[in-house]
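**Q** Please read through the structure below; I'll follow up with questions.
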Amino acid sequence: QVQLVESGGGLVQAGGSLRLSCAASGRTFSNYVMGWFRQAPGKEREFVAAISPTGSGTDYADSVKGRFTISRDNAKNAVYVQMSSLKPEDTAVYYCAAGRMIRLTRIRQRYDYWGQGTQVTVSS
């Protein structure tokens, strides 16, 4: 069982930056692929980024590549996403997710545990 709690969301102007954090419970955090997803009003939840259990592998949605950076600290049971050059279209609730799998995946159904989400609003 893994419990996830996101933090760091807020209101930022276009072009600004935010860093989201996700704190995980459980002693097996380092066994999980960790992902970030987001959901805007009226839209489906979409993949943002994922990181392998050791942190050696990452994957990004095309819409955020070059602007967002995912990282993790297994000693602290935490995963982060640094978001830069934010755009109004990045406005969404951002969710942290954990999945026991061998390869990184963008498929949200493959993730087993989810946080409650944190709101990110980017004003133009």
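**Q** Can you tell me how much longer the chain between N31 and T54 gets when fully stretched, taken as 0.36 nm per residue apart minus their C-alpha distance, in nm with one decimal?
**A** Extending this stretch completely gives an extra 7.5 nm.
**Q** From largest accessible area down, sort T69, T121; use a 1.4 Å probe on the protein chains.
**A** From most accessible down to least: T69, T121.
**Q** Excluding ligands, DNA and RNA, what is the solvent-accessible area per residue of the chain at a probe of 1.4 Å, expressed in Å²?
**A** Counting only protein heavy atoms, the per-residue value for the chain is 52 Å².
**Q** Amide H neighbours of Y113 under 5 Å, at least 5 residues apart or on other chains, H built in the peptide plane: list them.
**A** It is A98, by chain and number.
**Q** Also: If one puts a single equal scatterer on every Cα of segment 37-96 and applies the Debye formula without solvent, what log₁₀ I(q)/I(0) results at q = 0.29 Å⁻¹?
**A** -1.33
**Q** Further, regarding this structure: Grab the other residues whose beta carbon is less than 13 angstrom from that of S84, score K and R as +1, D and E as -1, and report the net. Mind dumping the intermediate values first?
**A** Details: positive: R19, K65, R67, K87; negative: D90.
Net of charged neighbours comes to +3.
**Q** At q = 0.30, 0.35 Å⁻¹, work out log10 I(q)/I(0) for segment 1-41 with the Debye formula, treating every Cα as an identical point scatterer and leaving solvent out; two decimals please.
**A** -1.18, -1.30
**Q** Return the carbon/sulfur percentage of the accessible area of the chain, one whole number, probe 1.4 Å, all protein chains in place.
**A** Numbers: 2930 of 6420 Å².
Carbon with sulfur: 46 percent of the solvent-accessible area.
**Q** Check which residues have an amide H placed less than 5 Å from R19's amide H, if you skip close sequence neighbours.
**A** M83
**Q** Using a 1.4 angstrom probe with every protein chain in place, what is the largest-first accessible-area order of E46, E6?
**A** E46, E6
**Q** Can you give me the Cα centroid spacing of segment 46-109 and segment 1-23 in angstrom?
**A** When both Cα centres are located, 11 Å separates them.
**Q** Something else about it: May I ask you to rank W114, W36 by accessible area, largest first, using a 1.4 Å probe over the protein chains only?
**A** From most accessible down to least: W114, W36.
**Q** Take the Cα radius of gyration of the chain and divide it by 2.2 N^0.38 Å, with N its residue count; two decimals is plenty.
**A** On the way: Rg = 13.3 Å, N = 124, 2.2 N^0.38 = 13.7 Å.
My calculation over the Cα atoms of the chain gives 0.97.
The values are calculated or read from the model by the stated rules, or taken from the named source; none is laboratory data. Predicted model, so just to flag it, every value in this text is computed and none were measured. Neighbour counts run over all protein chains shown; Cβ positions are idealised from the backbone, glycine included. Side chains are part of the model used for accessible areas, which takes the heavy atoms of the whole protein and leaves out ligands, DNA and RNA. Shrake-Rupley method; radii C 1.70, N 1.55, O 1.52, S 1.80 Å.
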